[in-house]
Structures are given as C-alpha cells and as structure tokens.
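Participant: So that we are looking at the same thing, I have put the structure below in structure tokens.
The values are calculated or read from the model by the stated rules, or taken from the named source; none is laboratory data. Bear in mind the structure is a predicted one, so any value in this text is a computation, not a measurement. Neighbour counts are summed over all protein chains in view; Cβ atoms, including those assigned to glycine, are modelled from backbone coordinates with ideal geometry.
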Amino acid sequence: MLFRLIKQAPLTEKVASQDGFIYLYRAMKFIGWIPPKEGLLRYVYFCWTLMTFGLCTFYMPLGFLGSYITQIELFSPGEFLTSLQVCINAYGCSTKVIIIYSQLWRLIKARELLDKLDVRCTSLEEREKIHSVVARCNHVFFIFTIIYCSYGVSTYLSSVLSGHPPYQLYNPFLDWHDGTLNMWIVSTLEYLIMAGAVLKQQLSDTYTLVYGLTLRTHLELLNGRISKLRTNPEMTEDENYEELVNCVLDHKLILEYSALIRPVISGTIFTQFLLIGVVLGITLINLLFFSDVWTGLACTVFIVAILLQTFPFCYICNLVVDDCEALAHAIFQSNWVGSGSRYQSTLFYFLHNVQQPIVFIAGGILPITVSSNISVAKLAFTVITIVKEINIADRFKTE
C-alpha cells in the first residue's frame, strides 16, 4: 500500500514511537543530512550534501540579492513582491537549516530515548495510543508535503504562463530575456533549486510537530499510569512503590527528551517569529494590490504555508503545558492515602517536580505559545497599514 504509514497499524503489528519519524528522516536522508556510517557511499553522499547546501541554502538567498542589484528595474511590482516575499523567507529558511543541521545529533538522540519509554507501554490501551501517534506524525508530514509542493508547482506554473521565471534569481550564465527557450530553462532550474529549498523548509517546520506530538502522547501515557497507582489490590506495597519509581523515571526521561530538542526548537521558532509578520504583510500586499488569478493562487498557498510554520506547534506547546498540569492533578488525586511514609515522600517529591511545566522559549526571549504567535503575526497588518498610508501601491501601479 502506498503511504501505508499514514494509516494506523493494527495491534497485531509491532510499532515503536520511532516509526512516527520514518517519513521525516527519509526526507533528511534524501536532502543530504544523514550520511551512511561508512564506506565509499559516505564520500559520494558528502558531495550530494555539499551540492544541496550550496544551491538551496546559500546560492538561493544570494541569488535574490544578486537579481535585485543587477536587474531591479526589470521587475514589475507584482514580480518584485513575489520575489521579495520568498527572498525574506529564504534567508530565514537557510538560518533554520543551519541551526537544525548543526544540532541534528540532539534530534537523533531524543528519538532514540523513545525506545526506553516504549518499554513501559505493555497494555493494549497504551500500545494503541503509540500506534495512533505514529500514524498521526507520518500523516502530518504527508499533509505538509502536499501543501508545500502545491506552493512550488503553483508558483512555477503561474510564472511561466505569465512569461517570466518564478523568482528571477541572479543567473550569470543564462538570460531568460533571450527567447522563450531560455525562459523555460531558467524557470525549470529555479524550480528545481526551489524544490530542494522547499523540502528543507518543510523539514524545519515539521520536525517540531512530530517531536511535539510524540511528547504529548508520552505525557498522556504517564498520566494514565499515575492514575492507576495503588489500584490493584493484588500488588504489595513494595510493588506499588516500584511502580511509582518507574513513573518518576519515565518523567525524568520525558524531561531529558524535552531538554535535548529545546535548543533546536528555540533557534528555529525564534527565526520564524522574526520573519512571519513582515513576510505575511508583503504577501498580503501582493495578493490585494498586484496579483492576477494565478499569482493570487500562489500567494494564497504561500500564506497557508507561512501560517503552518509556527501556529500548529505553538498550539501543541499550549497543550503540553496543560498536560503537565494534568499530571500534577493525577498525582494528587491518585490513591496515595494510607500508603507508607516512603511512598508518600517519593510521591510528594514527584509532585514538586511535575509542577514545573515543560515550556519552550524562542531565542530565550518569547515563550512559544499561540498568544506569542498572534502577537508577532499582527505585524503583517502594520506593514499593510504603512503601505496604505504612504500610498505605495498606487505609486507602483502608476509607474
């Protein structure tokens, strides 16, 4: 079955939390981030890594700058805004890619920790939740792939049908003005470079969701185990105490998992917070004042893609805080009355630690929440207001 991982596997199949990362890590291998461990292929793969970084991470943002320096007078207002909105996002994408690639070991190590948490998932109910989150994570990556590919294809088609390359990147070898054939060649080359950049953008936007959804599931599983403490009359006090200690160790693993991914998430989300308002503002101006049907379609898909870069994960962060609060309630409401002093002292220690929620801070400054995301996105309306006040749109149209 094609894309079978987006469907929840039956309980008869053995599924691990790491299976929710399969599509994500396949894409990382394809784009040149995870080389073979040894052999000749490792060196061949390294050449592929250099090429993808050179073209998609470094050349593309510099290509925008080069085109503005050499041929800014050839841009129409709509073409310039289409190029500018992607240019700003390209610099942000390159920054995020460098952050992720330099700290990829953190993500890999955090993923490996999940095997230790999976050991505790023995009941059918717990296994079903693991199966569910695995399918959900792969489904999320699949949906993002469709949306991001739709943007690349729609921008390519809208541009070539209008008679110009999608982004008009600086190209010292081919001038797209020299005939239709050159225009198609340049447009296709730009599309291929942009396809690699879009995949890297997708990776930088989806890894947060995949890791966040998995984190929430294991918090929920821990909550269920805590609620069942001392509810089995056949267990001795020593066995009950051992179950409590296991819950404490599970929580410690979850905190370790969160600590590993926190620096990566902090850098990438902070970068996106810095750009989202300006990029949305420029795109909305292009959509409202300068776009035709095809360009409008591309702008609409681009806006959806921009919103998907931060809003879903910010919502997950809000839910993680709620999950941590639910853990504290579960501990307090568990069947601890009548237990021994050793059990109670460990329980109170556990309760104290759980009351410190798992939070993620963008750049060490902004908490990653829906409220923060809305605040930075509001800058888009400020950009539109400034454009209307100084009448830039009408001046461009007149010129």
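Participant: Report whether or not residue 140 is in contact with a Ser or Thr (Cβ under 6 Å, 6 or more places away or on another chain) and within 18 Å of residue 215 (Cβ to Cβ).
Facilitator: No: the conditions fail for residue 140.
Participant: Does residue 345 satisfy the condition of being in contact (Cβ under 8 Å) with a residue 24 or more places away in the chain and closer than 19 Å to residue 244 by Cα?
Facilitator: When the stated conditions are applied, residue 345 does not pass them.
Participant: Which one is modelled with the highest pLDDT among residues in the range 197-224 that are among the charged types (D, E, K, R) and surrounded by 21 or more Cβ atoms within 10 Å (Cβ to Cβ)?
Facilitator: The qualifying residue modelled with the highest pLDDT is 200.
Participant: Taking the conditions exactly as written (more than 18 Å from residue 252 (Cα to Cα) and either within 22 Å of the chain's Cα centre (by Cα) or among the β-branched types (Val, Ile, Thr) (or both)), does residue 338 satisfy them or not?
Facilitator: Considered against the rule, which asks whether it is more than 18 Å from residue 252 (Cα to Cα) and either within 22 Å of the chain's Cα centre (by Cα) or among the β-branched types (Val, Ile, Thr) (or both), residue 338 comes out as no.
Participant: Sticking with this one: Given the conditions (1) of a type in the set (A, V, I, L, M, F, W, C); (2) without any contact (Cβ under 8 Å) to a residue 40 or more places away in the chain; (3) touching a strand residue (DSSP E or B) at 6+ places or on another chain (Cβ under 8 Å), and given that residue 368 satisfies all but one, which numbered condition is not satisfied?
Facilitator: (2)
Participant: Now for a different question. Check whether at least one residue in the range 203-217 is over 20 Å from the mean Cα position of the chain (by Cα) and among the hydrophobic types (A, V, I, L, M, F, W, C), and report yes or no.
Facilitator: The answer is no, given that none of the residues of the range 203-217 is over 20 Å from the mean Cα position of the chain (by Cα) and among the hydrophobic types (A, V, I, L, M, F, W, C).
Participant: Looking at (1) more than 25 Å from residue 32 (Cβ to Cβ); (2) in a loop (DSSP other than H, G, I, E, B), can you tell me which one residue 154 breaks?
Facilitator: (2)
Participant: Taking residue 117, is it modelled with pLDDT under 85 and either surrounded by 20 or more Cβ atoms within 10 Å (Cβ to Cβ) or part of a loop (DSSP other than H, G, I, E, B) (or both)?
Facilitator: No: the conditions fail for residue 117.
Participant: Hey, residue 79 hits all of (1) touching a helix residue (DSSP H, G or I) at 6+ places or on another chain (Cβ under 8 Å); (2) buried (at least 20 other Cβ atoms within 10 Å of the Cβ) but one; which does it fall short on?
Facilitator: The single condition residue 79 does not satisfy is (1).
Participant: Of everything in the range 301-339, what is without any contact (Cβ under 8 Å) to a residue 40 or more places away in the chain, β-branched (Val, Ile, Thr) and exposed (fewer than 15 other Cβ atoms within 10 Å of the Cβ)? Give them in sequence order.
Facilitator: Passing the criteria: only 337.
Residue-by-condition table, conditions (1) within 16 Å of the chain's Cα centre (by Cα); (2) under 25 Å from residue 97 (Cβ atoms):
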site: 262; (1), (2): yes, yes
site: 268; (1), (2): yes, yes
site: 277; (1), (2): no, yes
site: 284; (1), (2): no, no
site: 288; (1), (2): no, no
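Participant: Right, here's the next one. Can you tell me which residues in the range 284-326 are of a type outside the set (A, V, I, L, M), within 30 Å of residue 354 (Cβ to Cβ) and part of a helix (DSSP H, G or I)?
Facilitator: Passing the criteria: 311, 312, 313, 314, 315, 317, 318, 322, 323, 324, 325.
Participant: Still on this structure: Whether any residue in the range 182-191 is in a helix (DSSP H, G or I), closer than 20 Å to residue 27 by Cβ and within 19 Å of the chain's Cα centre (by Cα) is what I want to check.
Facilitator: no
Participant: Residues of the range 288-300 being surrounded by fewer than 20 Cβ atoms within 10 Å (Cβ to Cβ) and modelled with pLDDT under 80, which ones?
Facilitator: 288, 289, 292, 293, 294, 296, 297
Participant: Condition test on residue 271, is it modelled with pLDDT of 95 or more and more than 21 Å from residue 338 (Cβ to Cβ)?
Facilitator: No, not satisfied.
Participant: Tally up the residues in the range 161-176 that are in contact (Cβ under 8 Å) with a residue 12 or more places away in the chain and part of a loop (DSSP other than H, G, I, E, B), please.
Facilitator: Number of matching residues: 11.
Participant: Out of the range 70-83, which residues are in contact (Cβ under 8 Å) with a residue 40 or more places away in the chain, of a type in the set (A, V, I, L, M, F, W, C) and over 17 Å from residue 187 (Cα atoms)?
Facilitator: 81
Participant: Same structure, new question: Would a scan of the range 7-22 turn up a residue that is among the basic types (Lys, Arg), without any contact (Cβ under 8 Å) to a residue 24 or more places away in the chain, part of a helix (DSSP H, G or I) and surrounded by fewer than 15 Cβ atoms within 10 Å (Cβ to Cβ)?
Facilitator: Taking every residue of the range 7-22 in turn, none turns out to be among the basic types (Lys, Arg), without any contact (Cβ under 8 Å) to a residue 24 or more places away in the chain, part of a helix (DSSP H, G or I) and surrounded by fewer than 15 Cβ atoms within 10 Å (Cβ to Cβ).
Participant: Restricting the search to the range 25-58, which residues are more than 21 Å from residue 205 (Cα to Cα) and in a helix (DSSP H, G or I)?
Facilitator: Across the range 25-58, the qualifying residues are 40, 41, 42, 43, 44, 45, 46, 47, 48, 50, 51.
Participant: Of the residues in the range 327-366, how many are assigned to a strand (DSSP E or B) and under 20 Å from residue 219 (Cα atoms)?
Facilitator: So the count comes out to 1.
Participant: Mind checking whether some residue in the range 60-74 is among the β-branched types (Val, Ile, Thr) and either assigned to a loop (DSSP other than H, G, I, E, B) or surrounded by 14 or more Cβ atoms within 10 Å (Cβ to Cβ) (or both)?
Facilitator: Within the range 60-74, none of the residues are among the β-branched types (Val, Ile, Thr) and either assigned to a loop (DSSP other than H, G, I, E, B) or surrounded by 14 or more Cβ atoms within 10 Å (Cβ to Cβ) (or both).
Participant: If I filter the range 59-67 for residues that are without any contact (Cβ under 8 Å) to a residue 12 or more places away in the chain and out of contact with any Leu (no Cβ under 8 Å at 6 or more places or on another chain), do I get at least one hit?
Facilitator: no
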